[in-house]
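The structure appears right after this line, and notes come after that.
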Amino acid sequence: MSLLRRLGPTLLVAVYLLLAGSARASGKVEELTRMLDDASYKVRLQAALLLGKMGDKAAAPALVKALDDKERLVRAMAAQSLARLEATDAAPELKRLLQREKDAFVRGQVEKALASLGPSRPGGAKIYLTFGSFTGGAARVSDPAMLNALRGALKKELSKLTGVTFTLESGEEKSFGKSGRVGFLIDGNVTRLDDGPVGGVVEINCDVKIMVARWPSKSIILWTNAGAAVQAGSNERDRASARRDCLEASAGSLGEELAKFFHSQGG
């Protein structure tokens, strides 16, 4: 057994990070690819991680083989490293893994890898976003105009991301898992929408709660919320306009927050 293998997974990381600069010249990539067959899944996991960090595409075939590893964390790391290496030739194998993989975490990493390696599209869109009904919630807002305003404000903010699209090509929904894109569902509800006198004027208060889930699986990733307050006139028309403005202000704040998340996902 080589000295590097005897060091164990933890020290292995430290040693290879120090040697990474000269990895190609000294044959360390070959050593790490052999470690992908080690009996310890921890060694295989660290090897897959470091092969990606080294940036040598010669490691791609071994990482593709690691997509079949019996340990889910190794499969997920292999997908991550293939994306880091920009190994576009690995996309077909990643797609095949996505078709048979049942573990949600591994599927998520494969989807991200495919989004990174996927074919270019108009506007460079790698993320598909779709919106739910936004019905329900404590406020029970059912006015279509109000809900459309809420969705519209979110879409306006998120459309600033160059890597995002809100539409699918013909027939793409049925074969979305093979498209190389990552899909997300945005839904939520209005938890507060009321008005009352404040300092001699009418003030509208609103709170909006948003959920982000993977699409089409609808597995929830995060929840977030935001609120706003808008002054209104005394008549009902002014109050209705202020309610809409309040919802749009809340949605705008949420849109800015979600934009940061989707940007981190490749949007």
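The values are calculated or read from the model by the stated rules, or taken from the named source; none is laboratory data. Keep in mind that this is a model prediction, so the values were computed, not measured. Glycine gets a Cβ as well: all are built from the backbone with ideal geometry, and neighbour counts include every protein chain shown.
Could you check segment 163-180 and list, in sequence order, the residues that are under 22 Å from Ala259 (Cβ atoms) and either assigned to a strand (DSSP E or B) or in contact with a helix residue (DSSP H, G or I) (Cβ under 6 Å, 6 or more places away or on another chain) (or both)?
Selection gives Gly163, Val164, Thr165, Gly180.
Yes/no matrix, rows are residues, columns are (1) surrounded by fewer than 18 Cβ atoms within 10 Å (Cβ to Cβ); (2) within 15 Å of the chain's Cα centre (by Cα); (3) assigned by TED's automatic domain parsing to the domain that holds Leu73; (4) not polar (S, T, N, Q):
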{"site": "Arg100", "(1), (2), (3), (4)": "yes, no, yes, yes"}
{"site": "Gln109", "(1), (2), (3), (4)": "no, yes, yes, no"}
{"site": "Gly136", "(1), (2), (3), (4)": "yes, no, no, yes"}
{"site": "Ser142", "(1), (2), (3), (4)": "yes, no, no, no"}
{"site": "Met146", "(1), (2), (3), (4)": "no, no, no, yes"}
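Please specify each residue of segment 250-267 satisfying the condition of being more than 19 Å from Ala138 (Cβ to Cβ) and either aliphatic (A, V, I, L, M) or more than 24 Å from the chain's Cα centre (by Cα) (or both).
Matches in segment 250-267: Leu258, Ala259.
Could you check, for segment 79-98, whether at least one of its residues is in contact (Cβ under 8 Å) with a residue 40 or more places away in the chain, of a type outside the set (D, E, K, R), assigned to a helix (DSSP H, G or I) and closer than 21 Å to Gln265 by Cα?
yes
Residues in segment 220-239: is at least one under 17 Å from Phe134 (Cα atoms), aliphatic (A, V, I, L, M) and surrounded by 18 or more Cβ atoms within 10 Å (Cβ to Cβ)?
Looking through segment 220-239, at least one residue is under 17 Å from Phe134 (Cα atoms), aliphatic (A, V, I, L, M) and surrounded by 18 or more Cβ atoms within 10 Å (Cβ to Cβ).
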